[in-house]
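Participant: What follows is a single structure, and I will ask about it in a moment.
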Amino acid sequence: MTLVPSCDAAIEEGKCIFYNIRNFVRFQLSTSIAALSLIALATLMGVPNPLNAMQILWINIIMDGSTMHLSTTRVVVAGPRDTSRRIISRGLLFNVLLSAAIIIAGTLWVFNREMSDNKITPRDTTMTFTCFVLFDMFNALSCRSQTKSVFQVGLFSNKMFLIAVTLSLVGQALVIYFPPLQRVFQTEALTSHDIMFLICLTSSVFIVSEVKKLIERTLKKRSFGKFSTKAHDAMDFV
């Protein structure tokens, strides 16, 4: 005997697919735009590319690994979703461009800061490369929800996402500190001071996203009242 799934289960599954795709698109677009813009700007400015071919391939692997587990599979059902609402909306595009702009500005600043003698050294590319990777990790964290803070969603609620990020960071550490991989990726070991500096800088993409969400939730609450805000927030990942 075949069991027919309930209406609520079908709605929940549909919402889950919608928000999975939306979060995936946001992360992929922002990171891809940032990577392409870095190379394009370097070419236009007549300076060497801040990332070599192997480093770009590694970034693509990390992007795919993180987005595979970016979203959870549980959605609070709060009535049917507006079917006229597009996946790529103006709000999503703004978030994509904002994140991409922060990543581009931060990475180029680090590259310019390190290349003070106008010569590309392994340290210069390692700092720039690691900066971009850490930007990716913080960006993935902020892309888990379009409206909710990561602390509302639950920092440890998605174990597979945490595993994917942890493995990405371990892989990045091996690329930086393991001699055979250093030769392949043309990197060199960074100091703990360098790592702390990069973490503080790259967390800016996450902080800006969280502040933006907080402002949007506050304005929504003032405009439509407490009930409407809860209904709006419910239509996202928890």
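Participant: Answer with yes or no whether residue 201 is touching a His at 6+ places or on another chain (Cβ under 9 Å) and either modelled with pLDDT of 95 or more or within 25 Å of residue 60 (Cα to Cα) (or both).
Facilitator: No, not satisfied.
Participant: Now for a separate question. State the number of residues belonging to the range 107-137 that are within 15 Å of the chain's Cα centre (by Cα) and open to solvent by 10 Å² or more (accessible area, probe 1.4 Å).
Facilitator: Selection size over the range 107-137: 2.
Participant: Let me ask you something else. Quick one: how many residues across the range 174-187 are open to solvent by 60 Å² or more (accessible area, probe 1.4 Å) and either modelled with pLDDT of 95 or more or out of contact with any Pro (no Cβ under 8 Å at 6 or more places or on another chain) (or both)?
Facilitator: Residues that pass the stated criteria total 6.
Participant: Among the numbered criteria (1) farther than 20 Å from residue 121 by Cα; (2) modelled with pLDDT of 80 or more, which one does residue 3 miss?
Facilitator: Condition (2) is where residue 3 drops out.
Participant: Can you pull out every residue in the range 42-53 that is surrounded by 15 or more Cβ atoms within 10 Å (Cβ to Cβ) and part of a helix (DSSP H, G or I)?
Facilitator: Result: 42, single match.
Participant: Just to be sure I understand the filter: pairs with C-beta atoms under 7 Å, separated by 6 or more residues or on different chains, first member in the range 152-170 and within 16 Å of residue 60 (Cα to Cα), second member open to solvent by 20 Å² or more (accessible area, probe 1.4 Å) and assigned to a loop (DSSP other than H, G, I, E, B). Which pairs pass?
Facilitator: 164/68; 164/69
Participant: Looking for something open to solvent by 10 Å² or more (accessible area, probe 1.4 Å) and hydrophobic (A, V, I, L, M, F, W, C) - is there at least one such residue anywhere in the range 138-148?
Facilitator: Yes, the range 138-148 contains a residue that is open to solvent by 10 Å² or more (accessible area, probe 1.4 Å) and hydrophobic (A, V, I, L, M, F, W, C).
The values are calculated or read from the model by the stated rules, or taken from the named source; none is laboratory data. Only a predicted model underlies this, so the values are computations on that prediction, with no experimental measurement involved. Note that we place each Cβ from the backbone using ideal geometry, even for glycine, and neighbour counts take in every protein chain shown. SASA here: full protein model, heavy atoms, side chains in, ligands and nucleic acids out. Shrake-Rupley method; radii C 1.70, N 1.55, O 1.52, S 1.80 Å.
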